[in-house]
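Asker: This is the structure, below, for whatever I ask next.
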Amino acid sequence: NEVDYAQFLIEEFDSGFSKDLKTGHTKRSYLSEKLICAPMRVSKKFPGKSIGKTNFSRTSKGPDGNPLPSVVLERYELRHQALRIKFLRKILTAELK
């Protein structure tokens with residue numbers, strides 16, 4: 001589902017855990033790439049959230065400031081992959097109809 005995937009991408013971006021991003025990448029462009037849509041569509045779906053003005057900053061530390069165990073980052077990556085596959089299947093199914 002696009003909404004679930006988008007919400008996960010926002011969480012991943014905000015947490016700083018994404019492997020796909022370089023520091024300085026905007027949330028709007030990241031969502032646009034991952035959701036396979038125009039940046040303006042992202043802005044319209046998330047009005048008032050400064051989507052285009054938020055820049056990525058990588059971190060591997062938890063809220064307590066301690067380094068995250070690699071298992072946490074691996075779980076994030078697995079969740080990302082699972083949601084992406086589900087999202088892409090839905091797109092492909094719609095295209096084939």
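The values are calculated or read from the model by the stated rules, or taken from the named source; none is laboratory data. For clarity, every value in this text was computed on a predicted model and none was experimentally measured. Using ideal geometry, Cβ is built from the backbone for each residue, glycine included, and neighbour counts are taken over all protein chains shown. Heads up: the accessible areas ignore ligands, DNA and RNA and are worked out on the full protein's heavy atoms, side chains in. Shrake-Rupley method; radii C 1.70, N 1.55, O 1.52, S 1.80 Å.
Asker: What residue among Phe17, Tyr5, Leu96 has its Cα farthest toward the positive end of the dipole of the chain, where the charges are +1 on Lys, Arg and -1 on Asp, Glu, each on the Cβ?
Answerer: Checking the options against the dipole of the chain, the answer is Leu96.
Asker: Calculate for the chain the 222 nm mean residue ellipticity that helices alone would give, adding -39,500 (n - 2.57) per DSSP H run of length 4 or more and normalising by residue count, nearest 500 deg cm²/dmol. Could you put the intermediate results ahead of the total?
Answerer: Working: 4 runs with 56 residues, N = 97.
-18500 deg cm²/dmol, from helical runs alone.
Asker: Quick check for you: with a 1.4 Å probe and neighbouring chains kept, what is the accessible area per residue of the chain, in Å²? Walk me through the intermediate numbers first.
Answerer: Numbers: 6490 Å² over 97 residues.
It amounts to 67 Å² per residue over the chain.
Asker: Another question about this same structure. Given a 1.4 Å probe and heavy atoms of the protein chains only, how would you sort Ile91, Ile51, Ile36, largest accessible area at the top? Let's see the in-between values first.
Answerer: Numbers: Ile91 55, Ile51 10, Ile36 105 Å².
Descending order: Ile36, Ile91, Ile51.
Asker: Separate question: Between Ser18, Ser50, Ser29, which gets the highest mean-square fluctuation from a Gaussian network model of the chain, Cα cutoff 10 Å?
Answerer: Comparing Ser18, Ser50, Ser29 in the GNM, the peak value goes to Ser50.
Asker: Dipole of the chain, Cα-centred, from +1 at each Lys and Arg C-beta and -1 at each Asp and Glu C-beta, to the nearest 20 debye? Can you show the working numbers first?
Answerer: Working: 19 positive and 11 negative charges, 75 e Å.
The calculated dipole for the chain is roughly 360 debye.
Asker: Sort Asp64, Asp4 by accessible area with a 1.4 Å probe, largest first. Walk me through the numbers before you get to the answer.
Answerer: Details: Asp64 110, Asp4 65 Å².
From most exposed to least exposed: Asp64, Asp4.
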